[in-house]
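All remarks here apply to the structure that follows.
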């Protein structure tokens, strides 16, 4: 059976697909920001002297890393209303992405923090820096510099994971593509097109992360 390609529905819906790309990038960047906050906060609590806090972080990381993202986003969207917490699809997707990415970020950042020479910490304390200043100036920035490739790869994966947010009708590229495909029944044309769009967005995200690394994590030029 021959198949006749027809990209007319894709061309007509292209402006909507571009809006879907913007929605995807918004979800990805918002999720990344939340993941970084959770990652840094989790590392601080993970190395706390208070055992219950350490156990809580360990349990959180293991729970998130050993359950599917689809189950996590469904839990936030469908289960939390039974506890009186109702969220719209977009906030649900951002929180789910942030929580998922944060669990991985905790372990990645913690690995970078542990790579810092303890002599540097002692030198910071000898200079009279407070504990928070030592962590921010001596530990965090060099650690982020060391783990940037792993963290960037995780964030690219998080960008692609936004497609699962279509399961709760969050506005992003895959959900828009589903609407166009449902109306036109042109699955190959629609999903072939958004495959290229995801490739472009991943490339853009990698360049953005590289720019942020050069801007904020690079060593000063003499």
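The values are calculated or read from the model by the stated rules, or taken from the named source; none is laboratory data. As the structure is a prediction and not an experimental result, all values here were calculated from the model. No Cβ is skipped: glycine too gets one built from the backbone with ideal geometry, and neighbour counts run over all protein chains shown.
Considering only helices (runs of 4 or more DSSP H) fully contained in segment 69-173, which possess at least 3 residues that are within 19 Å of the chain's Cα centre (by Cα) and free of Cβ contacts under 8 Å to residues at least 40 places away in the same chain? Don't jump to the end; show me each part of the working.
Working: elements: 69-74, 89-114, 118-126, 141-161.
Where helices (runs of 4 or more DSSP H) fall fully within segment 69-173 and carry at least 3 residues being within 19 Å of the chain's Cα centre (by Cα) and free of Cβ contacts under 8 Å to residues at least 40 places away in the same chain, they are 89-114, 141-161.
Among the residues of segment 16-42, write down those that are more than 24 Å from residue 206 (Cβ to Cβ) and modelled with pLDDT under 95.
41, 42
Please count how many residues of segment 30-62 are touching a residue at least 24 places away in the same chain (Cβ under 8 Å) and assigned to a helix (DSSP H, G or I).
The total comes to 18.
Pick from 175, 187, 202: which is loosely packed, with under 14 Cβ neighbours inside 10 Å, under 22 Å from residue 24 (Cα atoms) and touching a helix residue (DSSP H, G or I) at 6+ places or on another chain (Cβ under 7 Å)?
None of the other options fit; the residue is 187.
Give the number of residues within segment 56-87 that are surrounded by 13 or more Cβ atoms within 10 Å (Cβ to Cβ) and over 21 Å from residue 162 (Cβ atoms).
Number satisfying all stated conditions: 5.
May I ask you to list the residues in segment 208-221 that are surrounded by 10 or more Cβ atoms within 10 Å (Cβ to Cβ) and either in a helix (DSSP H, G or I) or modelled with pLDDT of 85 or more (or both)?
Within segment 208-221, 208, 209, 210, 211, 212, 213, 216 qualify.
Test residue 197 against the stated conditions and say whether it is assigned to a helix (DSSP H, G or I) and over 13 Å from residue 14 (Cβ atoms).
Taking the combined requirement at face value, the residue does not satisfy it.
Being surrounded by fewer than 20 Cβ atoms within 10 Å (Cβ to Cβ), more than 30 Å from residue 75 (Cβ to Cβ) and touching a helix residue (DSSP H, G or I) at 6+ places or on another chain (Cβ under 7 Å) is the filter; apply it to segment 141-167 and report the residue that is modelled with the lowest pLDDT.
Restricting to residues being surrounded by fewer than 20 Cβ atoms within 10 Å (Cβ to Cβ), more than 30 Å from residue 75 (Cβ to Cβ) and touching a helix residue (DSSP H, G or I) at 6+ places or on another chain (Cβ under 7 Å), the top hit is 146.
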